[in-house]
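Okay, structure first, notes after.
The values are calculated or read from the model by the stated rules, or taken from the named source; none is laboratory data. Because the structure is a prediction, the values reported are computed rather than measured. Reconstructed Cβ throughout: ideal geometry from the backbone, glycine too, with neighbour counts over all protein chains shown.
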Amino acid sequence: MVDQGSGSIVFTSSTASMVGFDTLVAYGASKGGVDQMVRQLAVEWGPRGVRVNAINPGYTTHDVRGTEARHADAALNETMRRMTPMERRGEPREFAGPAVFFLSDAAAFVTGVCLAVDGGYCAM
């Protein structure tokens, strides 16, 4: 993309890069690194015509491997529901639209953005 002078990259990060979650320090730190990489690459590759952005999904109906027990926790689910203005988990299909936007010409002047796609969780 850099060599051809155009392109768009969309990373998948997490709201764990934007707010703290109990017991997820390594995960949050790694996703914070993804967000910073998005900003760095946007600065470095923007002059060469490459846009770099990220979507940051919140709680979803699909559990990351190894988190099944955490997501099966009824108290956690109730807390998540109360702390999410849309009062539900996101469906994986709901992350496609924001990614397609970033990849499209509609986002021709958008780069370095990490977008929470989280039903409003990070707004609370």
TODO: Inspect the stretch 94-107 for any residue being within 22 Å of V2 (Cα to Cα), surrounded by fewer than 14 Cβ atoms within 10 Å (Cβ to Cβ), at pLDDT 95 or above and touching a Ser or Thr at 6+ places or on another chain (Cβ under 9 Å) and give the result as yes or no.
DONE: yes
- [ ] Kindly indicate whether F11 is of a type outside the set (D, E), assigned to a helix (DSSP H, G or I), closer than 24 Å to A123 by Cβ and at pLDDT 95 or above.
- [x] no
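Listed here are the residues, each with its yes/no results for (1) touching a residue at least 12 places away in the same chain (Cβ under 8 Å); (2) among the acidic types (D, E); (3) loosely packed, with under 14 Cβ neighbours inside 10 Å; (4) over 12 Å from I9 (Cα atoms).
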residue	(1), (2), (3), (4)
D35	yes, yes, no, yes
W45	yes, no, no, no
I55	yes, no, no, no
G66	no, no, yes, yes
A75	no, no, yes, yes
E78	no, yes, yes, yes
M86	yes, no, yes, yes
Task: Odd one out for R39 among (1) loosely packed, with under 15 Cβ neighbours inside 10 Å; (2) assigned to a helix (DSSP H, G or I) - done: (1)
Open item on the list: Suppose we keep only residues that are in a loop (DSSP other than H, G, I, E, B) and of a type in the set (A, V, I, L, M, F, W, C) within the stretch 64-90. Which one would you say is modelled with the lowest pLDDT?
Closed with: V64
TODO: Would you point out the residue of the stretch 47-63, among those that are among the charged types (D, E, K, R) and either farther than 20 Å from F101 by Cα or outside any strand (DSSP E or B) (or both), that is modelled with the lowest pLDDT?
DONE: D63
- [ ] Consider T15 carefully, then state whether it is closer than 18 Å to H71 by Cβ and touching a Cys at 6+ places or on another chain (Cβ under 6 Å).
- [x] yes
